[in-house]
Amino acid sequence: MTGHIFGRSTRTSPPVAVAGDGCYLIDADGKRYLDGSGGAAVSCLGHSNQRLRQALHAQLDRLAYAHTGFFTSEPAEELADRLIAKAPKGLERVYLVSGGSEAVEAAIKLARQYFVEIGQSQRHRVIARRQSYHGNTLGALAAGGNEWRRVQFGPLLVETSHIAPCYEYRDRQTGESLEAYGQRVADELETELQRLGPETVMAFICEPVVGATSGAVPAVPGYLRRIREICDRHGVLLIFDEVMCGMGRTGHLFACDEDGVAPDMLTIAKGLGAGYQPIGALLVSGAIYDAIAQGSGFFQHGHTYMGHPMAAAAANAVLSEIEDRDLLAAVRQQGDLLDRSLRERLGQHPHVGDIRGRGLFRGVELVEDRETKRPFDPSLRLHARIKALAFEAGLICYPMGGTIDGRLGDHVLLAPPYIISDAEIAELVDKLAGAIDGAIAGAQAA
Ligand code: PMP
């Protein structure tokens, strides 16, 4: 049945997902899988949400689609208003697209158009960080610092350079405070700007809490503030990519709210549609919007499905669920429980180097040696073993290998639905611990 799907892998034939039930997915054989990572941090409301079903039926009965070249729509207008009402300071406009890469792509093109329109067309470079992923379309791929994804597509069109990530588990020096470490790595942005010529750089992009490439790594206190100061000093736009960490995942609607720093542009996607519809959004400062409105008058960009009424209706229902069920508080509370449970079960584990994250966005990093933090040999593919054993046991989690810089350990990203119960957290941690032990035993025997 899956034979003709041209998907991630042409080597494997995955089970067929046929139904969803709360935090579980069910395959064609009736096997249940606890969705410990919401797929890839997408399914924040679980898989059988009643309000989403009703909202989508109601929208389908009214209007499925109207092209934005002719119309706006009620759900798209409502969504923009609701996002802006809650957005970090200064973000006043919304550009609705179909996913994360499209949102990042739009951010890069908008940055470029903005500088051309204000007479600074020499600004064309992007600075990002190593150990980063911002999407797979060409501009977003160029921004990302994940060599493994980039290598076969170079030279990439957008000129990007990469500074250090904010990754204190490996990079903070002995005796260095968290704050001092944060200032030191943020100052790499200043150094890189001086190397390139600050007047040639249009934007710096980063995830406030890094997801896929590093496993839920939050910025240390003060880091993002320093980055903001450096961008301001040189007229460089600051883009926060909250495609994975936004929409409540960290216990705040926008992850950067916790750091008290507002960007010039912010991207969201995954949790915005919660998997019920494909949707992403780019939030833009009033200053950028006004410059273009007073210049050429329109953003030279667009996609057929932008502002899709069905997708916007889903996102409005997601926001209503988060508000009415007080899910941000639930994320903080259940996130604390998940963190405590992981620490109790794995905190002393000889091969667990770090447990980190915020809210229901947690990462576990595996190491061969806790003292030296030496990762497992990448050829053992520990992450793939964990993924397979967890899946066999009925747990979906998101392990990644240390493919970035060859120095990051294998890690597992957890991003369960915001409705996860205490018992489901216990099941998640139990199955994860079993998969980690089984995978390490298998790797050591290999
Ligand atoms: N940015 C980040 C931070 C992401 O995690 C992802 C997806 N993993 C993307 C962008 C790309 O989003 P999409 O897969 O929806 O295009």
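Brief remarks follow.
- Residue that is farthest from the chain's Cα centre (by Cα), among those in the stretch 68-83 that are among the hydrophobic types (A, V, I, L, M, F, W, C) and surrounded by fewer than 15 Cβ atoms within 10 Å (Cβ to Cβ): F70
- Qualifying residue in the stretch 94-112 (condition: over 25 Å from G302 (Cβ atoms), away from the ligand (no atom under 13 Å from the Cβ) and touching a residue at least 60 places away in the same chain (Cβ under 8 Å)): no
- Search result, residues across the stretch 277-311 that are closer than 20 Å to D81 by Cα and within 16 Å of the ligand (Cβ to nearest atom): Q277, P278, I279, G280, A281, L282, L283, Y305, M306, H308, A311
- Every condition in (1) polar (S, T, N, Q); (2) more than 25 Å from A274 (Cβ to Cβ); (3) part of a helix (DSSP H, G or I) holds for S101 except the one numbered (2).
- All of L327, L266, L342 fail the test of being among the hydrophobic types (A, V, I, L, M, F, W, C), crowded, with 20+ Cβ neighbours inside 10 Å and within 16 Å of the ligand (Cβ to nearest atom), apart from L266.
To keep it simple, each residue is scored yes or no on (1) of a type outside the set (D, E); (2) in contact with a Ser or Thr (Cβ under 7 Å, 6 or more places away or on another chain); (3) within 16 Å of the ligand (Cβ to nearest atom).
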| residue | (1), (2), (3) |
| --- | --- |
| E168 | no, no, no |
| L178 | yes, no, no |
| G182 | yes, no, no |
| L189 | yes, no, no |
| T213 | yes, yes, yes |
| A216 | yes, no, yes |
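- When T68 is tested against the conditions (1) within 16 Å of the ligand (Cβ to nearest atom); (2) not in a helix (DSSP H, G or I), the lone failure is (1).
- Tally of residues being under 21 Å from G69 (Cα atoms), touching a residue at least 24 places away in the same chain (Cβ under 8 Å) and not in a helix (DSSP H, G or I) across the stretch 277-335: 19
- Candidates Y305, Y276 - the one that is surrounded by fewer than 20 Cβ atoms within 10 Å (Cβ to Cβ), at pLDDT 95 or above, in the same structural domain as A216 (by TED's automatic domain parsing) and among the aromatic types (F, W, Y): Y305
- Counted residues, the stretch 148-185 - those being within 23 Å of H411 (Cβ to Cβ) and not hydroxyl-bearing (S, T, Y): 18
- Within the stretch 213-225, the residues that satisfy the criterion of being farther than 17 Å from E365 by Cα and buried (at least 21 other Cβ atoms within 10 Å of the Cβ) are V220, Y223, L224.
- Qualifying residue in the stretch 26-34 (condition: aliphatic (A, V, I, L, M), surrounded by 19 or more Cβ atoms within 10 Å (Cβ to Cβ) and either modelled with pLDDT of 95 or more or not assigned by TED's automatic domain parsing to the domain that holds Q300 (or both)): yes
- Hey, T267 among the hydroxyl-bearing types (S, T, Y) and either part of a loop (DSSP other than H, G, I, E, B) or under 23 Å from E427 (Cβ atoms) (or both) or not: no
- Conditions (1) at pLDDT below 95; (2) more than 15 Å from the ligand (Cβ to nearest atom): number failed by V220: (1)
- Residue match in the stretch 121-138 (condition: surrounded by fewer than 18 Cβ atoms within 10 Å (Cβ to Cβ), in the same structural domain as A219 (by TED's automatic domain parsing), of a type in the set (G, A, S) and not in a helix (DSSP H, G or I)): yes
- Any chance S37 is out of contact with any His (no Cβ under 9 Å at 6 or more places or on another chain) and hydroxyl-bearing (S, T, Y): yes
- Any hit, the stretch 355-377, residues being over 15 Å from Y169 (Cα atoms) and surrounded by fewer than 19 Cβ atoms within 10 Å (Cβ to Cβ): yes
- The set of residues in the stretch 336-357 that are closer than 16 Å to R249 by Cα and not in a helix (DSSP H, G or I) comprises R356, G357.
The values are calculated or read from the model by the stated rules, or taken from the named source; none is laboratory data. Keep in mind that this is a model prediction, so the values were computed, not measured. Using ideal geometry, Cβ is built from the backbone for each residue, glycine included, and neighbour counts are taken over all protein chains shown.
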